[in-house]
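This report concerns only the one structure given below.
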Amino acid sequence: MCCGDLSLESGRPLVEAQFDRVETERLGDVLEGADEDDVLAYLTSFPPGDRANETEIADLKQRIAGRFVSDDGVLRVTIETGVFVCRQAIPADPSA
(Lines give C-alpha, C1' and ligand atoms only; values in the text may rest on other atoms or scores of the structure.)
Protein backbone atom coordinates (compact mmCIF):
# COMPACT_ATOMS: atom_id res chain seq x y z
CA MET A 1 0.00 0.00 0.00
CA CYS A 2 1.33 3.41 -0.92
CA CYS A 3 1.27 6.25 1.58
CA GLY A 4 -1.06 8.17 -0.73
CA ASP A 5 -3.73 5.55 -0.03
CA LEU A 6 -3.48 5.89 3.76
CA SER A 7 -6.54 7.35 5.45
CA LEU A 8 -8.09 7.22 8.90
CA GLU A 9 -10.31 4.41 7.65
CA SER A 10 -7.77 2.37 5.69
CA GLY A 11 -4.90 2.91 8.12
CA ARG A 12 -6.54 1.61 11.27
CA PRO A 13 -6.25 -2.11 10.35
CA LEU A 14 -2.59 -1.56 9.46
CA VAL A 15 -1.68 -0.09 12.84
CA GLU A 16 -3.92 -2.52 14.73
CA ALA A 17 -1.79 -5.33 13.31
CA GLN A 18 1.26 -3.79 15.01
CA PHE A 19 -0.08 -2.36 18.27
CA ASP A 20 -2.18 -3.75 21.11
CA ARG A 21 -4.35 -0.66 21.47
CA VAL A 22 -5.27 1.84 18.79
CA GLU A 23 -7.44 4.90 19.19
CA THR A 24 -8.48 7.19 16.36
CA GLU A 25 -8.84 10.87 17.21
CA ARG A 26 -10.67 12.89 14.59
CA LEU A 27 -10.10 16.61 14.29
CA GLY A 28 -12.40 18.72 12.14
CA ASP A 29 -12.18 22.37 11.19
CA VAL A 30 -13.20 24.91 8.59
CA LEU A 31 -10.69 26.88 6.56
CA GLU A 32 -11.84 30.25 5.28
CA GLY A 33 -10.21 32.00 2.37
CA ALA A 34 -11.02 35.65 1.78
CA ASP A 35 -8.49 36.36 -0.96
CA GLU A 36 -8.83 34.85 -4.43
CA ASP A 37 -5.07 35.01 -5.07
CA ASP A 38 -4.34 33.11 -1.85
CA VAL A 39 -6.79 30.36 -2.84
CA LEU A 40 -5.24 30.15 -6.32
CA ALA A 41 -1.73 29.97 -4.85
CA TYR A 42 -2.83 27.17 -2.51
CA LEU A 43 -4.56 25.15 -5.24
CA THR A 44 -1.54 25.41 -7.53
CA SER A 45 0.95 24.40 -4.84
CA PHE A 46 0.24 20.64 -5.10
CA PRO A 47 -0.96 18.15 -7.74
CA PRO A 48 -2.74 18.47 -10.01
CA GLY A 49 -2.77 22.28 -9.78
CA ASP A 50 1.01 22.55 -9.77
CA ARG A 51 1.02 21.14 -13.31
CA ALA A 52 -1.72 23.42 -14.65
CA ASN A 53 -1.03 25.26 -17.89
CA GLU A 54 -2.05 28.89 -18.51
CA THR A 55 -5.47 27.94 -19.89
CA GLU A 56 -6.23 25.71 -16.90
CA ILE A 57 -5.09 28.40 -14.46
CA ALA A 58 -7.34 30.95 -16.19
CA ASP A 59 -10.27 28.51 -15.86
CA LEU A 60 -9.41 27.90 -12.21
CA LYS A 61 -9.33 31.66 -11.57
CA GLN A 62 -12.84 31.97 -13.04
CA ARG A 63 -14.13 29.09 -10.92
CA ILE A 64 -12.61 30.59 -7.77
CA ALA A 65 -14.12 33.99 -8.56
CA GLY A 66 -17.51 32.35 -9.08
CA ARG A 67 -17.31 30.62 -5.72
CA PHE A 68 -16.41 33.88 -3.99
CA VAL A 69 -19.48 35.51 -5.52
CA SER A 70 -21.81 32.66 -4.57
CA ASP A 71 -20.33 32.32 -1.06
CA ASP A 72 -20.51 36.01 -0.06
CA GLY A 73 -16.81 36.69 -0.55
CA VAL A 74 -15.48 33.87 1.64
CA LEU A 75 -14.52 30.42 0.42
CA ARG A 76 -15.11 27.85 3.17
CA VAL A 77 -13.55 24.41 3.08
CA THR A 78 -14.42 21.76 5.65
CA ILE A 79 -11.44 19.61 6.56
CA GLU A 80 -11.12 16.45 8.56
CA THR A 81 -7.82 15.24 9.88
CA GLY A 82 -6.90 12.86 12.61
CA VAL A 83 -4.27 10.80 14.32
CA PHE A 84 -3.85 7.26 15.49
CA VAL A 85 -2.80 6.96 19.11
CA CYS A 86 -1.09 3.58 19.33
CA ARG A 87 0.07 1.80 22.46
CA GLN A 88 2.06 -1.36 22.64
CA ALA A 89 1.70 -3.55 25.70
CA ILE A 90 4.81 -3.64 27.83
CA PRO A 91 6.05 -7.22 27.79
CA ALA A 92 6.36 -8.92 31.16
CA ASP A 93 9.89 -8.98 32.53
CA PRO A 94 11.04 -12.58 31.98
CA SER A 95 13.61 -12.27 34.79
CA ALA A 96 10.97 -11.44 37.45
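What to note about this one:
- Here each label is just a point 7 Å from Cα along the line to Cβ, and for Glu25 and Arg87 those points are 1.3 nm apart.
- Relative protection proxy for 81-88, 38-45, from highest mean packing down: 38-45, 81-88 (other beta-carbon atoms within 10 angstrom).
- A simple spin-label model places the labels of Val77 and Leu8 1.7 nm from each other, with each point 7 Å out along Cα-to-Cβ.
- Probe 1.4 Å, protein heavy atoms only - accessible area per residue of the chain in square angstrom: 79 Å²
- Taking every alpha-carbon pair under 8 Å whose residues sit at least 6 apart, the chain reaches a relative contact order of 47 percent.
The values are calculated or read from the model by the stated rules, or taken from the named source; none is laboratory data. As the structure is a computational prediction, the values presented were derived from the model and not from experiment. Note that we place each Cβ from the backbone using ideal geometry, even for glycine, and neighbour counts take in every protein chain shown. Heavy atoms of the whole protein, side chains included, go into the accessibility calculation; ligands, DNA and RNA do not. Shrake-Rupley method; radii C 1.70, N 1.55, O 1.52, S 1.80 Å.
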